[in-house]
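J.: Got a structure for you, questions after.
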């Protein structure tokens with residue numbers, strides 16, 4: 001049982017808007033802890049379109065999505081935010097003193113006076129491939145990620161996909177599994193050429209199988225796979241297997257947020273436009289996840305929302321303390337927090 | 001106007017008039033053809049506007065480019081005549097084009 005981590009503000013989601021929240025909250029001396037399902041900050045910008053140029057960030061005629069994330073990380077660095085990656089927030093409960101307890105899917109516990117939901121389009125989760133009946137095997141013999149390689153030892157493994165995840169795991173699990181069959185729709189891959197070459201070399205040496213085709217069906221019982229039907233260019237092939245790892249990319253899902261007792265409006269969280277607070281006092285929602293009349297799903301809109309949210313959050317974290325409006329250009333105390341003169 | 005025909009998975013036929021320059025997907029959505037989802041709105045980022053091009057039209061419609069091929073990896077029951085309809089631009093030479101909608105999208 002790990003210790004409870006206490007912080008001022010718990011931010012769900014480390015995309016661009018969650019990151020900028022650290023800045024505005026930091027100017028008011030609030031410490032932040034961010035939780036994200038990805039293994040790094042940046043949300044959709046880092047995961048979906050890091051190289052794509054964005055043209056509508058104020059002050060930047062052109063900036064790449066990853067470039068924006070890097071700049072935001074630089075901007076919030078003085079406030080030393082803490083990050084917990086590879087985790088989804090599973091539950092959120094209000095405690096007797098009005099603060100919140102947040103639990104992750106690995107049972108880590110956080111307590112904070114304020115929770116800011118910056119979940120964007122939802123958390124990135126593996127996309128379920130279009131294979132009929134696959135749900136019956138999920139979690140028992142079909143997996144979408146590898147937590148421990150040892151769990152595949154001695155199994156006849158089928159890996160489906162054409163990207164880096166599929167190729168990397170094919171190469172990593174080949175020494176561990178009893179047999180590995182990589183299945184891809186075509187002999188061309190999206191993965192790094194070096195990995196693809198290694199895979200073909202191992203196929204030449206008969207150390208693994210590569211089957212061109214698409215998985216059209218699964219056979220098994222009680223969630224345990226016994227074989228997969230691969231529809232290939234020359235007809236159907238039956239591949240005996242006891243484990244399958246399909247890598248079909250990531251999709252965004254609202255997930256546990258739907259269960260936290262917040263008012264929802266078509267999978268978005270309605271907020272007021274003075275504080276961007278949800279239907280539960282102390283819980284705020286910023287960025288693409290929120291909704292209000294006139295809402296635009298733009299990063300710049302999220303930035304604006306952060307500034308107003310921070311004022312309201314301060315009143316909760318430091319009740320009674322006088323909030324003085326200051327400009328970063330002229331306030332020596334703000335500049336000191338930013339380390340301007342160091 | 002260029003005529004397009006969509007054959008839904010249950011066999012229902014939709015004959016629509018399409019403007020040159022628009023995409024086959026846009027015309028499916030505009031005419032409420034069932035079974036074409038186009039989740040990403042035409043950005044070649046989702047594979048849910050997948051169609052089968054009628055055998056007689058595959059030569060004229062042409063093959064997918066690399067980006068579309070990458071996305072077709074995520075589609076259901078991809079065949080040699082599969083295309084993502086958001087990547088097929090309507091033009092005079094496609095007058096009378098027939099496409100079939102797959103049983104499911106993803």
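The values are calculated or read from the model by the stated rules, or taken from the named source; none is laboratory data. Here the structure is a predicted model, which means the values were calculated and not measured. Virtual Cβ from ideal backbone geometry, glycine too; neighbours counted across all protein chains shown.
J.: Would you call residue A:225 more than 14 Å from every other protein chain (Cβ to nearest Cβ) and either over 24 Å from the mean Cα position of the chain (by Cα) or closer than 30 Å to residue A:36 by Cβ (or both)?
T.: yes
J.: Now for a different question. I want to confirm something. Restricting to region B:87-106 and keeping residues that are modelled with pLDDT of 95 or more and within 23 Å of residue A:184 (Cβ to Cβ), which single residue is nearest to the other protein chains (Cβ to nearest Cβ)? Full working, then the answer.
T.: First, pick out the residues of region B:87-106 that are modelled with pLDDT of 95 or more: B:87-102.
Still in the list and also within 23 Å of residue A:184 (Cβ to Cβ): B:87, B:102.
Working: B:87: 17, B:102: 9 Å.
Among those that are modelled with pLDDT of 95 or more and within 23 Å of residue A:184 (Cβ to Cβ), it is B:102.
J.: Looking at region A:180-219 only, could you name the residues that are in contact (Cβ under 8 Å) with a residue 60 or more places away in the chain and farther than 19 Å from residue A:249 by Cβ? Steps first, please.
T.: Of all residues in region A:180-219, those in contact (Cβ under 8 Å) with a residue 60 or more places away in the chain come to A:181, A:215-218.
Across region A:180-219, the qualifying residues are A:181, A:216, A:217, A:218.
J.: Only one of (1) within 14 Å of another protein chain (Cβ to nearest Cβ); (2) under 19 Å from residue A:156 (Cβ atoms) is not met by residue A:181, so which one is it?
T.: So residue A:181 meets the others, but not (1).
J.: Is it the case that residue A:213 is within 14 Å of chain B (Cβ to nearest Cβ), surrounded by fewer than 18 Cβ atoms within 10 Å (Cβ to Cβ) and touching a strand residue (DSSP E or B) at 6+ places or on another chain (Cβ under 6 Å)?
T.: Criteria not met by residue A:213.
J.: A further question follows. Among the numbered criteria (1) in contact with a helix residue (DSSP H, G or I) (Cβ under 8 Å, 6 or more places away or on another chain); (2) away from chain B (no Cβ under 14 Å); (3) within 25 Å of residue A:128 (Cα to Cα), which one does residue A:198 miss?
T.: Among (1) in contact with a helix residue (DSSP H, G or I) (Cβ under 8 Å, 6 or more places away or on another chain); (2) away from chain B (no Cβ under 14 Å); (3) within 25 Å of residue A:128 (Cα to Cα), residue A:198 violates only (3).
J.: Go through region A:136-150 and give me each residue that's touching a residue at least 60 places away in the same chain (Cβ under 8 Å) and either over 15 Å from residue A:247 (Cβ atoms) or not assigned by TED's automatic domain parsing to the domain that holds residue A:224 (or both).
T.: A:136, A:137, A:139, A:140, A:141, listed by residue number.
J.: For region B:38-58, name all the residues that are within 12 Å of chain A (Cβ to nearest Cβ) and at pLDDT below 95.
T.: Across region B:38-58, the qualifying residues are B:39, B:40, B:43, B:45, B:46, B:47, B:48.
J.: Could you tell me which of the residues B:43, B:47, B:32 is free of Cβ contacts under 8 Å to residues at least 60 places away in the same chain, in a loop (DSSP other than H, G, I, E, B) and touching a strand residue (DSSP E or B) at 6+ places or on another chain (Cβ under 7 Å)? Even if it seems obvious, please write down each step before you answer.
T.: Numbers: B:43 fails: touching a strand residue (DSSP E or B) at 6+ places or on another chain (Cβ under 7 Å); B:32 fails: touching a strand residue (DSSP E or B) at 6+ places or on another chain (Cβ under 7 Å).
On inspection, the qualifying residue turns out to be B:47.
J.: Hey, can you tell me all the residues within region A:101-112 that are surrounded by fewer than 21 Cβ atoms within 10 Å (Cβ to Cβ) and on the phi < 0 side of the Ramachandran plot?
T.: Residues satisfying the conditions are A:101, A:103, A:104, A:105, A:106, A:108, A:109, A:111.
J.: Which residue out of A:325, A:247, A:284, A:276 is within 14 Å of chain B (Cβ to nearest Cβ) and either in contact with a helix residue (DSSP H, G or I) (Cβ under 8 Å, 6 or more places away or on another chain) or modelled with pLDDT under 95 (or both)?
T.: Answer to the selection: A:247.
J.: Any chance region A:108-123 includes a residue that's within 14 Å of another protein chain (Cβ to nearest Cβ) and in contact with a helix residue (DSSP H, G or I) (Cβ under 9 Å, 6 or more places away or on another chain)?
T.: Scanning region A:108-123, I find at least one residue that is within 14 Å of another protein chain (Cβ to nearest Cβ) and in contact with a helix residue (DSSP H, G or I) (Cβ under 9 Å, 6 or more places away or on another chain), so the answer is yes.
J.: Given the criteria under 13 Å from residue A:84 (Cα atoms), buried (at least 24 other Cβ atoms within 10 Å of the Cβ) and either in contact (Cβ under 8 Å) with a residue 24 or more places away in the chain or in contact with a strand residue (DSSP E or B) (Cβ under 7 Å, 6 or more places away or on another chain) (or both), does residue A:10 qualify?
T.: Numbers: under 13 Å from residue A:84 (Cα atoms): yes; buried (at least 24 other Cβ atoms within 10 Å of the Cβ): yes; either in contact (Cβ under 8 Å) with a residue 24 or more places away in the chain or in contact with a strand residue (DSSP E or B) (Cβ under 7 Å, 6 or more places away or on another chain) (or both): yes.
It is true that residue A:10 is under 13 Å from residue A:84 (Cα atoms), buried (at least 24 other Cβ atoms within 10 Å of the Cβ) and either in contact (Cβ under 8 Å) with a residue 24 or more places away in the chain or in contact with a strand residue (DSSP E or B) (Cβ under 7 Å, 6 or more places away or on another chain) (or both).
J.: Just to be sure before I move on: is residue B:68 in contact with a helix residue (DSSP H, G or I) (Cβ under 7 Å, 6 or more places away or on another chain), assigned to a helix (DSSP H, G or I) and either within 14 Å of another protein chain (Cβ to nearest Cβ) or crowded, with 20+ Cβ neighbours inside 10 Å (or both) in the structure I sent?
T.: Working: in contact with a helix residue (DSSP H, G or I) (Cβ under 7 Å, 6 or more places away or on another chain): yes; assigned to a helix (DSSP H, G or I): yes; either within 14 Å of another protein chain (Cβ to nearest Cβ) or crowded, with 20+ Cβ neighbours inside 10 Å (or both): yes.
Yes: the conditions hold for residue B:68.
J.: Of the residues that make up region B:5-20, is at least one more than 14 Å from chain A (Cβ to nearest Cβ), out of contact with any strand residue (DSSP E or B) (no Cβ under 9 Å at 6 or more places or on another chain) and not in a loop (DSSP other than H, G, I, E, B)?
T.: The answer is no, given that none of the residues of region B:5-20 is more than 14 Å from chain A (Cβ to nearest Cβ), out of contact with any strand residue (DSSP E or B) (no Cβ under 9 Å at 6 or more places or on another chain) and not in a loop (DSSP other than H, G, I, E, B).
J.: Would you confirm, using the coordinates I've provided, whether residue B:61 is in contact (Cβ under 8 Å) with a residue 24 or more places away in the chain, more than 10 Å from chain A (Cβ to nearest Cβ) and touching a helix residue (DSSP H, G or I) at 6+ places or on another chain (Cβ under 6 Å)?
T.: Taking the combined requirement at face value, the residue does not satisfy it.
J.: Those residues that are buried (at least 18 other Cβ atoms within 10 Å of the Cβ), in contact with a helix residue (DSSP H, G or I) (Cβ under 7 Å, 6 or more places away or on another chain) and within 22 Å of residue A:276 (Cα to Cα), I need them from region A:37-65; list them, please.
T.: Within region A:37-65, A:42, A:43, A:57 qualify.
J.: Also, quick follow-up: Return a yes/no flag: does region A:284-292 have any residue that is in contact (Cβ under 8 Å) with a residue 60 or more places away in the chain and in a loop (DSSP other than H, G, I, E, B).
T.: Yes, region A:284-292 contains at least one residue that is in contact (Cβ under 8 Å) with a residue 60 or more places away in the chain and in a loop (DSSP other than H, G, I, E, B).
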